[in-house]
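Structure, as structure tokens:
Nothing in this text is a laboratory measurement; each read-out follows from the coordinates by a stated rule. Source: prediction; values computed, not measured. Here Cβ is always computed from backbone atoms with ideal geometry, including for glycine, and neighbour counts include all displayed protein chains.
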């Protein structure tokens, strides 16, 4: 009888371990693809977080983890620490920014951020959240007029779309700030003269970037995406289009 109990305890512990590690293992496996991008890192981390949220919610169910609350809290803290490590610090905005610039649609629909699977990532309500981590101990609320407008983004442009996006989409601010930093480095190095030489000054290039970034976020021409094209090919084709070329240069550096 004792041996049977030991076997049952071992099997249950093994089941719990598999449930806990499976989200990370699946994400790592997917990211081994030669086509994986920095944006995919962010995407699969969102999937990992959503999976853990569901595991924690179902913890006491028949098929749940059935772990003590203090153990669940320890797992939550470890995962949150890894998420913070990925998203916080110099240069870490590359993951969100590249995900933001991924024009593809997704069959991965997070239960707390549902959207039309054919509308693409950019249309997902997830970009309107100040905190994208569903297992964070911090409160997650949708963006409103209290979003900071100074010190966190490029200077405001006289474009009503830009003002609206800043007010309603925190990710637009974060990605915009990072991409503008990238653009300034590219301008200084003149890495793409076939694009930059079409403008009279640095200021005119930056103004073009702002306009193109807002157009992309609103999914206006020429940024309408055809699902049959790989993202890299999509952005490469836009380098030759004046109304999209500056933003395409920024994406090529992030990719």
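Counted residue by residue at 0.36 nm each, then reduced by the alpha carbon distance between them, the extension gain from residue 14 to residue 34 reaches 4.0 nm.
Length gained on full extension, residue 5 to residue 164, computed as 0.36 nm times the residue gap minus the Cα-Cα distance: 51.1 nm. Paramagnetic label reach from residue 220 (point 7 Å along Cα→Cβ; backbone nitrogen cut-off under 14 Å): within segment 227-255, residues 243-244. Take the Cα pairs of segment 185-255, get the Kirkwood Rh, then feed it into Stokes-Einstein at 4 °C and 1.567 mPa s and tell me D in µm²/s. Calculated translational D: 105 µm²/s.
Short to long, the 5 Å bins of the Cα pair-distance histogram for segment 1-106 hold 2, 11, 17, 20, 16, 12, 9, 6, 3, 2, 1, 0 percent of all pairs.
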